[in-house]
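The values are calculated or read from the model by the stated rules, or taken from the named source; none is laboratory data. Predicted model only: the values in this text are computed from it and were never measured. Glycine gets a Cβ as well: all are built from the backbone with ideal geometry, and neighbour counts include every protein chain shown. Side chains included, ligands, DNA and RNA excluded: accessible areas come from the protein's heavy atoms. Shrake-Rupley method; radii C 1.70, N 1.55, O 1.52, S 1.80 Å.
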Amino acid sequence: MKVMKFGGTSVGNPQRIQHVAKLISGGDAKFVVLSAMSGTTNTLIEICDYLARDNRLGAGNIISRLEQTYNEHVSHLYSKAEYKAKAGQFISETFNNLRKLSQMAYTISIRREIVSQGEILSTHLMTYYLEECDESVCLLSALDFMKIGADREPDELFISEKLREILKAHAGYNIYITQGFICRNVDGETDNLQRGGSDYTASLIGAAIGAEEIQIWTDIDGMHNNDPRYVENTKPVKQLNFDEAAELAYFGAKILHPTCILPAKFASIPVRLLNTLDPEAEGTIINNDMEQGKIKAIAAKDGITAIRICSSRMLLASGFLSKVFDIFEHFKTSIDMITTSEVGVSMSIDNPEHINEITHELRKYGTVDITNNMCIICVVGDLRWGNVGYESLITDAMSEVPVRMISYGGSPHNISFLVKQEDKEKALKALSKKLFDN
């Protein structure tokens with residue numbers, strides 16, 4: 001069985017839903033994970049923002065406007081009166097429930113319940129359409145098997161056992177539909193998977209049922225070897241190792257979240273990135289194979305802040321770096337890159353929320369210099385020690401770009417450069433010309 005995940009743009013309107021229905025119909029059995037229709041989750045969050053400000057009238061207006069949009073979707077999606085009525089009834093019940101939730105005291109639990117309705121709506125509309133097309137389809141609620149523990153991490157043992165039990169009880173269908181993103185927490189309340197969202201759901205399901213392949217369908221044909229918004233003639237990468245894909249995702253390739261494919265990696269289930277709008281495109285396959293001696297792709301991560309601590313007195317003292325790291329840990333701020341010298345430590349972060357507090361604490365140990373509006377450029381591939389000349393080839397491409405920091409050796413899969421945001425496009429083009437055009 002294959003697992004197929006479709007994002008919000010893939011099911012963004014009735015025509016897209018009909019197109020996806022054709023992609024998943026026929027053939028072998030498959031497990032389909034759907035996101036909310038594009039724009040829906042943002043609108044549900046807007047409703048919650050009104051409720052958080054105790055503006056129930058404003059929330060009610062947005063609810064009515066969204067209900068009207070879904071009623072229009074129903075009128076265009078179905079051709080048979082039976083299914084127009086069935087879907088219309090479900091829409092009415094769902095939005096009446098939203099109105100009831102909006103009258104309750106606003107809490108984080110209410111917020112999660114409201115936001116979860118997007119995936120519930122999309123999966124019901126898809127299921128009804130497949131039924132209208134006489135497909136063998138079964139709708140399964142992710143809330144019945146997708147669970148996170150007290151640490152807010154997926155309870156993979158529970159998910160596996162519960163899902164196999166549910167599939168056994170509902171055997172014989174050709175298509176199984178479920179929601180991405182949503183789950184239950186340790187208290188049994190509706191919650192979400194946070195990192196990776198629906199992609200994470202697909203990966204967890206694939207690992208739980210031992211799928212032959214997990215397919216992530218979006219609106220682009222795989223992971224490209226550079227950012228097509230800045231560089232012309234980029235190409236999809238045919239194959240990536242899981243670690244290479246995670247590096248690219250972490251350093252700016254938005255098509256995946258870096259942690260969402262971990263269950264697939266550990267279960268050794270290939271993940272294929274495909275294009276809903278061009279289903280014949282080859283896309284990108286991600287697996288545990290490593291193509292030796294090949295540079296695969298370039299990614300860029302914006303919004304980086306560079307921090308440098310200079311302290312000739314403290315740097316070589318035992319425990320200095322530990323004290324520095326403890327400060328970042330205290331403020332829940334992760335470090336992207338780090339380099340050290342005899343008199344200083346430089347590092348970069350992508351979350352400046354607590355930069356003032358961090359700077360204040362770091363000044364106990366030395367002079368602190370902050371540089372904003374930076375960008376990390378990451379080159380990914382087989383960059384293991386022993387591949388002579390790769391690092392010089394890459395750094396040579398950056399010869400005309402001012403570089404603030406270089407990180408190499410922390411991973412066998414990437415070399416990273418910290419540059420000014422204004423030099424991002426120049427760096428991406430220079431690397432692409434040197435590494436791929438020739």
Subject >> Fraction of antiparallel bridges per DSSP, the chain only, in percent to nearest 5 >> reply: 60
Subject >> Relative contact order (%) - the chain, alpha-carbon pairs under 8 angstrom, separation at least six >> reply: 13
**OP:** Leaving ligands, DNA and RNA out of it, rank R53, R152 by accessible area with a 1.4 Å probe, largest first.
**Re:** R53, R152
**OP:** Calculate how steeply helix 117-132 sits against the longest principal axis of the alpha-carbon atoms of the chain, using the helix alpha-carbon long axis, and give the answer as 0 to 90 degrees to the nearest 10.
**Re:** 50
Original post:
If you add up the charges near D423, with Lys and Arg at +1 and Asp and Glu at -1, over every other residue whose beta carbon is less than 13 angstrom from its beta carbon, what do you get?
Top reply: +1
**OP:** Please report, largest first and rounded to whole Å, the three semi-axes of the ellipsoid equivalent to the stretch 1-102, where each semi-axis is the square root of five times an eigenvalue of the C-alpha gyration tensor.
**Re:** 29, 17, 11
Original post:
What figure in square angstrom, to the nearest 10, would you give for the accessible area of E72 with a 1.4 Å probe?
Top reply: 90
Subject >> the stretch 203-258 versus the stretch 376-422: alpha-carbon centroid distance in Å >> reply: 21
**OP:** Ignoring everything but the protein chains, give the 1.4 Å probe accessible area of V343 in square angstrom, nearest 10.
**Re:** 70
Original post:
Amide H to amide H under 5 Å from K5: which residues, 5+ apart in sequence or cross-chain, H placed 1.01 Å off N in plane?
Top reply: V33, Q215, I216, W217
Original post:
Between A297 and residues 5 or more places away or on another chain, which pairs have amide H atoms under 5 Å apart, with H built 1.01 Å from N, and which residues are they?
Top reply: V380
Subject >> Note, ³J(HN,Hα) from phi for the stretch 25-31, Karplus 6.51, -1.76, 1.60, rounded to Hz, x at Gly and Pro >> reply: 7, x, x, 6, 5, 8, 10
Original post:
Expressed as an acute angle from 0 to 90° and rounded to the nearest 10, what is the orientation of the C-alpha long axis of helix 156-169 relative to the principal long axis of the chain?
Top reply: 20
Original post:
When the Karplus curve 6.51 cos²θ - 1.76 cosθ + 1.60 is applied with θ = phi - 60°, which whole-Hz ³J(HN,Hα) does each residue of the stretch 4-11 get, with x for Gly and Pro?
Top reply: 10, 10, 10, x, x, 6, 5, 10
